[in-house]
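The values are calculated or read from the model by the stated rules, or taken from the named source; none is laboratory data. Source: prediction; values computed, not measured. As a convention, Cβ positions derive from the backbone with ideal geometry for all residues, glycine included, and neighbour counts pool all protein chains shown.
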Amino acid sequence: MKTNNCQVAIVGGGPSGLAVASGLAEAGVDDVVVLEREADAGGIPRHCGHSPFGLREFHRVMSGPVYTRRLKRQAEDYGARVWTGATVTEIGANRKLTLSTNDGMQSLSAEKIVICTGNRETPRSARLVSGSRPLGIVTTGALQSMVYLKHRLPFKRPLIIGSELVSFSALLTCRHAGIKPVAMIDTNPRVTVWKAAVLLPRLLGTRLLLNTSLEEIRGQERVDSATIRDAAGELTSLECDGVIFSGNFVAESSLIRSSHLALDARSGGPVVDQYGRCSDRDYFACGNLLHPVDTAGWCWAEGMRTAAYVNASLGGELTQSDRMLEIESSSPSIKYFTPQRIALPETLTDRKHPGLQIRFSDNLPGRLVLRDETSDLIARSIRARPERRVLLPLPSGDRLSACKSLSLEFLPA
Amino acid sequence: MPDYPTSEPLPKTIYDVVVVGSGVVGCAMARRFALEGAKVLVLEKAVDILDGASKANSAILHTGFDAPAPGSQEHTCIVDGYNEYLEIHSRLNLPLLECGAMVLAWNEAEAGRLEQILQDAHRNGVSAARIINSRQVLAKEPQLASSVVAALEVPGEFVIDPWSAPYAYLLQALENGASLARNCELLEGSFDGSEWTLETTRGPVRSRQLINCCGLYGDLLNQKLIGVSEFEIRPRKGQFVVFDKSARNLVQSILLPVPTEVTKGIVVCPTIFGNLLVGPTAKEQQSRVDAGVDCAQLQALIERGSDILPALSQHTVTATYAGLRPATEHKDYQIKWYAEHNYCCVGGIRSTGLSSALGIAAFVYRQYTDAGNRHAPLADCDWPQVNRIADPGARDWQQPGNGGIVCHCELVTRREINQALDGPIACHSLAGLKRRTRVTMGRCQGFYCSAELSELTQGKFPQPIGIARK
């Protein structure tokens with residue numbers, strides 16, 4: 001097996017991975033390698049042929065492919081190496097990655113490893129949807145890569161499941177390709193993304209059916225219809241030739257699961273501290289692997305911050321910590337939060353740290369509280385909504401150092 | 001190799017044997033007759049092989065410990081099929097997971113019935129079977145719910161690759177002189193006392209003997225060709241849930257329940273591809289094509305699986321599927337030669353067909369020769385090596401020049417896909433490509449590779465993954 005070395009290896013060349021690479025290379029770290037298993041770096045925005053991308057990073061509106069080319073060029077201009085067609089098959093415990101490439105198996109050893117493998121949508125099977133399994137059942141990601149990268153259409157009149165941001169992205173992709181969705185449905189009483197989004201399907205002539213669930217998919221070779229159930233329990237058969245399962249993103253954490261790194265059951269990603277360090281402190285993680293799903297811009301900004309942490313870790317400013325303060329939670333409404341632990345004492349202070357990133361599974365008002373064993377440290381009245389990011393700033397390192405335990409709770413109003 | 005493309009008419013050869021159906025039984029049958037020196041043609045109405053009952057099963061290689069008594073067709077064929085698989089699998093590069101099985105008793109009543117199952121196992125020649133207590137069970141399977149009372153251990157029950165195996169059987173048949181015609185439905189047939197003349201969707205075919213390996217359509221073909229069927233196919237649907245590879249290490253062996261009169265019950269077992277399988281349900285139905293899944297039943301399977309393995313509830317579902325078993329009103333297989341028609345029916349090969357197929361083929365061939373038919377067995381037959389798509393074994397993603405990985409979840413390379421598309425018995429559907437390579441069968445179910453596949457398969461499938469935009 002051919003062996004390779006570098007200073008920092010980044011697994012995954014999406015917005016967060018490329019940002020980490022840019023940030024490190026710009027800061028003067030030599031020998032930064034991004035490992036990308038696809039033929040091109042860029043991650044999910046690579047096949048989002050529509051706007052808006054790039055506002056936060058480049059202060060202009062771009063399409064996904066233009067944006068990802070720009071991200072990649074930036075990383076390479078700073079001196080990072082983007083190694084495409086390299087699939088990491090194993091994250092080893094000695095800062096060593098095993099790769100499958102067209103040239104055979106190789107290894108890459110690094111001083112620090114940053115895992116940025118992103119997230120993906122939940123497919124039909126994991127949603128346990130009834131019915132047959134014909135052609136024409138896809139996720140938004142599959143649809144978009146087919147339409148924008150390969151110029152192919154899997155169907156002409158699909159049904160869209162979901163009303164997250166990506167569901168509307170699916171709608172725009174359909175419009176771009178001349179595909180006419182028969183309807184867009186969601187089990188929730190309101191759209192998951194912001195309220196005004198209801199205008200988009202109306203504008204594009206697609207029915208938006210809320211309080212509606214998918215009951216069954218029918219068809220032998222290809223999809224020929226789908227049965228939906230409304231709030232009153234009434235069943236309707238919709239003629240369609242495909243189904244798009246959009247959203248319900250999950251962390252792409254298969255490499256983590258088979259590694260020595262601790263996994264956070266709630267988020268599905270690795271357990272990290274406030275610097276994005278995994279349970280083995282030479283390994284970092286950032287991007288949607290930690291918090292499915294956020295925008296490319298958010299992931300990019302997090303990548304830039306993580307680059308600074310990795311750099312500090314290389315330079316010895318971010319040292320091994322004396323103790324880890326784990327954040328517990330017993331609230332069923334909290335779907336996940338990241339980071340799950342705080343490294344103390346805080347050897348590196350980042351004033352721009354966004355704090356805890358939290359997602360909820362319910363739609364209800366209440367109070368979000370971070371408390372230690374004696375008192376509430378931070379509390380905030382919020383409206384929890386599924387798939388919406390809520391941030392809670394972290395108390396100062398000094399304050400946290402006085403805590404024996406931490407818990408994050410949501411108290412419904 | 002005579003895998004007649006769908007566009008060409010079939011040659012005017014007179015075959016010794018026409019095998020109707022290319023499920024696992026048809027594939028094994030073609031192999032046996034070809035190796036014995038007969039001139040064989042396999043007819044398949046679908047665009048790909050293994051498109052009926054054989055496309056979905058639990059992939060267990062059974063010892064026959066719980067089969068009907070010795071002397072039954074099922075027992076004979078399972079034992080012979082099991083032994084022949086063990087004999088030939090490495091020569092064909094087919095995998096074998098030697099995991100063993102345990103029949104788990106969850107209460108005293110079930111534990112009491114283990115003794116009878118043990119006696120049946122010994123009667124059936126499975127002498128290694130033995131009863132172990134709960135402490136011994138939990139030592140072997142520490143993730144099991146601790147309420148397990150006892151188990152019958154059957155070390156010889158193994159897991160295999162349910163698609164590569166029949167593919168290899170047929171490939172070996174073809175490499176040794178057999179022919180295959182897919183997309184070729186048998187419409188009519190007449191027997192003149194020495195020869196069959198068959199009308200197919202691809203023209204006439206002539207043959208001395210005919211073997212019905214039609215699985216779910218066995219009774220219908222009997223009625224069409226010989227006017228009578230001694231059984232009726234009662235399709236029995238079995239649904240399965242495939243758990244993520246992260247769940248694989250929760251078990252070491254195949255976990256079987258104590259069976260009831262009606263069903264063998266829900267099994268938890270590793271797959272050769274590194275997943276964990278829970279299923280099947282068992283429900284009789286009229287339809288011979290409806291292999292749909294049902295949300296409530298899938299949820300019940302997940303619950304049952306989590307009762308057996310509490311940690312399973314922490315793992316995600318990768319895939320769900322259903323298979324149709326060609327059960328009949330009879331308990332045993334329905335294999336019968338109709339000498340007056342030069343016709344053999346291989347019917348009612350229900351859930352054990354994957355284990356018994358090689359044995360069924362040998363059984364049918366013995367009867368064929370008993371009736372006075374003779375061929376000169378091939379002195380030096382070819383042993384094709386099929387691609388290894390399951391661990392353990394050297395995989396293509398570990399080899400240079402593989403063209404890169406296309407399906408990231410199952411580590412399927414571009415070279416493997418191209419071989420399945422252009423190689424022997426080339427696949428003509430996405431389902432066929434999945435069975436040959438495992439593309440899109442992993443946790444993302446095509447999120448990452450569908451687009452690439454739509455391009456790689458362009459022009460190759462009658463039902464394309466995606467059509468080019470104008």
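Data overview
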quantity: Residue match in the stretch A:204-226 (condition: at positive phi, away from chain B (no Cβ under 13 Å) and touching a Leu at 6+ places or on another chain (Cβ under 9 Å)); calculated: no
quantity: Among the residues listed as A:V129, A:V182, the single one being closer than 23 Å to A:A231 by Cβ, away from chain B (no Cβ under 13 Å) and out of contact with any His (no Cβ under 8 Å at 6 or more places or on another chain); calculated: A:V182
quantity: In the stretch A:156-185, residue nearest to A:N211 (Cα to Cα) [restricted to those that are part of a helix (DSSP H, G or I) and in contact with a Lys or Arg (Cβ under 9 Å, 6 or more places away or on another chain)]; calculated: A:C174
quantity: Flag if B:G274 is within 21 Å of the chain's Cα centre (by Cα), within 14 Å of chain A (Cβ to nearest Cβ), farther than 19 Å from B:A390 by Cα and in contact (Cβ under 8 Å) with a residue 60 or more places away in the chain; calculated: no
quantity: Pair list, Cβ < 7 Å and 6+ apart or interchain, from the stretch B:456-470 residues that are closer than 24 Å to B:G404 by Cα and within 7 Å of another protein chain (Cβ to nearest Cβ) to residues that are among the β-branched types (V, I, T) and surrounded by 19 or more Cβ atoms within 10 Å (Cβ to Cβ); calculated: B:I465/B:T457
quantity: Filter result for the condition that a residue is farther than 21 Å from A:V88 by Cα, outside the structural domain of A:A343 (by TED's automatic domain parsing) and modelled with pLDDT under 95, over A:A301, A:A226, A:A231; calculated: A:A231
quantity: Residues of the stretch B:178-203 satisfying the condition of being touching a residue at least 60 places away in the same chain (Cβ under 8 Å) and either part of a strand (DSSP E or B) or in contact with a Cys (Cβ under 8 Å, 6 or more places away or on another chain) (or both); calculated: B:S179, B:L180, B:A181, B:L186, B:F191, B:W196, B:L198, B:T200, B:T201, B:R202, B:G203
quantity: Set B:G193, B:G189: member being of a type outside the set (S, T, N, Q), on the phi > 0 side of the Ramachandran plot and not assigned by TED's automatic domain parsing to the domain that holds B:I302; calculated: B:G193
quantity: Among the residues listed as A:G42, A:G23, A:G49, the single one being farther than 18 Å from A:V293 by Cβ, within 14 Å of chain B (Cβ to nearest Cβ), touching a helix residue (DSSP H, G or I) at 6+ places or on another chain (Cβ under 6 Å) and touching a residue at least 24 places away in the same chain (Cβ under 8 Å); calculated: A:G49
quantity: Those residues of the stretch B:110-138 which are surrounded by 14 or more Cβ atoms within 10 Å (Cβ to Cβ), polar (S, T, N, Q) and not in a helix (DSSP H, G or I), in sequence order; calculated: B:N124
quantity: Residues within the stretch A:52-88 that are farther than 25 Å from A:L171 by Cα and either among the acidic types (D, E) or away from chain B (no Cβ under 14 Å) (or both), tallied; calculated: 16
quantity: Test for A:A265: is it part of a loop (DSSP other than H, G, I, E, B) and within 12 Å of chain B (Cβ to nearest Cβ); calculated: yes
quantity: Given (1) within 12 Å of another protein chain (Cβ to nearest Cβ); (2) surrounded by fewer than 21 Cβ atoms within 10 Å (Cβ to Cβ); (3) not hydroxyl-bearing (S, T, Y), index of the condition B:R388 fails; calculated: (1)
quantity: Out of A:S330, A:S279, sole residue that is closer than 29 Å to A:G43 by Cα and not in a strand (DSSP E or B); calculated: A:S279
quantity: A:S258 being within 11 Å of another protein chain (Cβ to nearest Cβ), among the hydroxyl-bearing types (S, T, Y) and in contact (Cβ under 8 Å) with a residue 40 or more places away in the chain; calculated: yes
quantity: Every pair of residues 6+ apart whose Cβ atoms lie under 7 Å, when the first sits in the stretch B:30-43 and is in a strand (DSSP E or B) while the second is of a type in the set (F, W, Y); calculated: B:V40/B:Y15; B:V40/B:F33; B:L41/B:Y15
quantity: Residue match in the stretch A:368-383 (condition: in a strand (DSSP E or B), under 23 Å from the mean Cα position of the chain (by Cα) and more than 27 Å from A:T306 (Cβ to Cβ)); calculated: yes
quantity: Out of A:L172, A:L108, sole residue that is away from chain B (no Cβ under 14 Å) and crowded, with 20+ Cβ neighbours inside 10 Å; calculated: A:L108
quantity: Residue within the stretch B:245-257 that is closer than 25 Å to B:T328 by Cα, surrounded by fewer than 22 Cβ atoms within 10 Å (Cβ to Cβ) and more than 14 Å from chain A (Cβ to nearest Cβ) present; calculated: yes
quantity: Residues located in the stretch B:84-105, provided they are without any contact (Cβ under 8 Å) to a residue 60 or more places away in the chain and not in a helix (DSSP H, G or I); calculated: B:S90
quantity: Any hit, the stretch A:146-155, residues being in a loop (DSSP other than H, G, I, E, B), farther than 24 Å from B:G432 by Cα and either at pLDDT 95 or above or within 8 Å of chain B (Cβ to nearest Cβ) (or both); calculated: no
quantity: Where A:S396 falls short, out of the listed (1) modelled with pLDDT of 95 or more; (2) among the hydroxyl-bearing types (S, T, Y); (3) within 26 Å of A:N288 (Cα to Cα); calculated: (1)
quantity: Failed item, numbered, when A:L97 is tested on (1) aliphatic (A, V, I, L, M); (2) touching a residue at least 60 places away in the same chain (Cβ under 8 Å); (3) within 14 Å of chain B (Cβ to nearest Cβ); calculated: (3)
quantity: Test: A:G64 is touching a Pro at 6+ places or on another chain (Cβ under 6 Å) and within 25 Å of B:C449 (Cβ to Cβ); calculated: yes
quantity: Qualifying positions in the stretch B:413-447 - within 11 Å of another protein chain (Cβ to nearest Cβ) and either crowded, with 24+ Cβ neighbours inside 10 Å or without any contact (Cβ under 8 Å) to a residue 12 or more places away in the chain (or both); calculated: B:T413, B:K434, B:T440, B:G442, B:R443, B:C444, B:Q445, B:G446, B:F447
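Results for (1) closer than 23 Å to A:T192 by Cα; (2) within 22 Å of the chain's Cα centre (by Cα); (3) buried (at least 18 other Cβ atoms within 10 Å of the Cβ), shown as yes or no for each residue.
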{"position": "A:N311", "(1), (2), (3)": "no, no, yes"}
{"position": "A:E328", "(1), (2), (3)": "no, no, no"}
{"position": "A:S331", "(1), (2), (3)": "yes, no, yes"}
{"position": "A:Y336", "(1), (2), (3)": "yes, yes, yes"}
{"position": "A:T347", "(1), (2), (3)": "no, no, no"}
{"position": "A:K352", "(1), (2), (3)": "no, yes, no"}
{"position": "A:N363", "(1), (2), (3)": "yes, yes, no"}
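Yes or no, residue by residue, for (1) touching a helix residue (DSSP H, G or I) at 6+ places or on another chain (Cβ under 8 Å); (2) on the phi > 0 side of the Ramachandran plot; (3) of a type in the set (S, T, N, Q):
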{"site": "A:K72", "(1), (2), (3)": "yes, no, no"}
{"site": "A:E76", "(1), (2), (3)": "no, no, no"}
{"site": "A:A80", "(1), (2), (3)": "yes, no, no"}
{"site": "A:T87", "(1), (2), (3)": "yes, no, yes"}
{"site": "A:K96", "(1), (2), (3)": "no, no, no"}
{"site": "A:T101", "(1), (2), (3)": "no, no, yes"}
